[in-house]
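Nothing in this text is a laboratory measurement; each read-out follows from the coordinates by a stated rule. Bear in mind that the values here come from a model prediction, so they are computed numbers and not experimental data. Here the Cβ is made from the backbone with ideal geometry for all residues, glycine too, and neighbour counts use every protein chain on show.
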Amino acid sequence: MTALRKVLVVDDDPVVGASFNRVLSGKGYIVVAAENGADALAKLKDEKFDAVFTDLRMPGMDGLQVAESIKATQPWIPVVLVTGYGSAANEARARAAGVVDFLRKPLSPDMIEDSAANAVRTVTTPMAPVIAPAAPEVPAQPEAQPAARGGQLRNIALFLSAPFVGLVYAVLLPFVGLGMLLWFAGQALWKQPKAREALGAAKVALQLAVAPFVGLAYLIVLPFAALGMLAWMATKAAFGRAPAE
């Protein structure tokens, strides 16, 4: 079953309201009459209407004021201005107020029915606020912390080991220099025939003289070498493999 359309007819002449009721009541409309603009606005607060027909000239609030008030509060309701005194200025003001049509007196049943059909066809409901769809969540990118942390720890390890490395160089370099001097001296003596005979005894004496220093070097160097090896193995175990993606 088709729902009935409800229209409000605003006119200080009750004959106009009766004419609308007589024509439209059998066409699927409910007609409600209002005697003036204030009465019409009060009815609009309490009831829902599909269209409003208002006379232009009325005591108190005229039809243009009624149309402007309706459009200011319920702009989706179509308003038709009924007048027998149309003018270009009134029509321009009515269009600016949002009036959808003009119905000029004298009225005929066909005019009323056609105007009502056209008016309710333009009904628009209030639009709900448009809510923008939520932006899709972007998965957080994995932070490159392990690699950065590994680099920082390596820098710290190098900084802490630098004094020990320097100490090792300071201890070893004199022995390296002494070894080079002895090697050059041995080469020079080996080329002299007479020196070869004494070389055996000198070699033994040299070994006896150097042995304590070599032992001392091993005592100093080996702990640092072991400590460095342990540190290298620990660093490799901690940062040798990149974490799985």
_Over 22 Å (Cα to Cα) - which of 6/71; 27/48; 43/105 fall in this group_ = 43/105
*Compute the Cα gyration tensor for segment 5-121, then decide on rounded, prolate or oblate, letting a ≥ b ≥ c be the square roots of its eigenvalues: rounded whenever a/c is under 1.5, prolate when a/b is larger than b/c in the other cases, and oblate in all that remain.*
rounded
*229, 61, 111 arranged by Cβ crowding within 10 Å, fewest neighbours leading*: 229, 111, 61
*Burial ordering of 47, 113, fewest other beta-carbon atoms within 10 Å first*: 47, 113
*asked:* Suppose the chain between residue 224 and residue 42 were pulled fully straight at 0.36 nm per residue; how much longer would it get relative to their current alpha carbon spacing?
replied: 55.6 nm
*Enumerate the calculated ³J(HN,Hα) couplings along segment 79-85 in order (Karplus 6.51 cos²θ - 1.76 cosθ + 1.60, θ = phi - 60°), each rounded to whole Hz, writing x wherever the residue is Gly or Pro.*
10, 10, 9, 9, 8, x, 10
_Chain lengthening between residue 15 and residue 92 when straightened (0.36 nm per residue, less Cα-Cα)_ = 24.9 nm
*Fewest-first sequence of 83, 235, 73, 54 by Cβ atoms within 10 Å of each Cβ*: 73, 235, 83, 54
*Quick one: what are the phi-derived ³J(HN,Hα) couplings along segment 45-52, Karplus 6.51/-1.76/1.60 with θ = phi - 60°, whole Hz, x for glycine and proline?*
6, 9, 10, 9, 10, 8, 6, 10
*Tell me, what is the percent relative contact order of segment 5-121, built from C-alpha pairs under 8 Å that lie six or more residues apart?*
24
*Label point 7 Å out from residue 35 along Cα-to-Cβ: which residues of segment 53-71 have amide N under 15 Å?*
58-61
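By how many nm would the segment from residue 27 to residue 74 grow when fully extended, if each residue of separation counts as 0.36 nm and the alpha-carbon distance is taken off?
Values: separation 47, 0.36 × 47 = 16.92 nm, distance 2.53 nm.
Stretched out fully, the residue 27 to residue 74 stretch lengthens by 14.4 nm.
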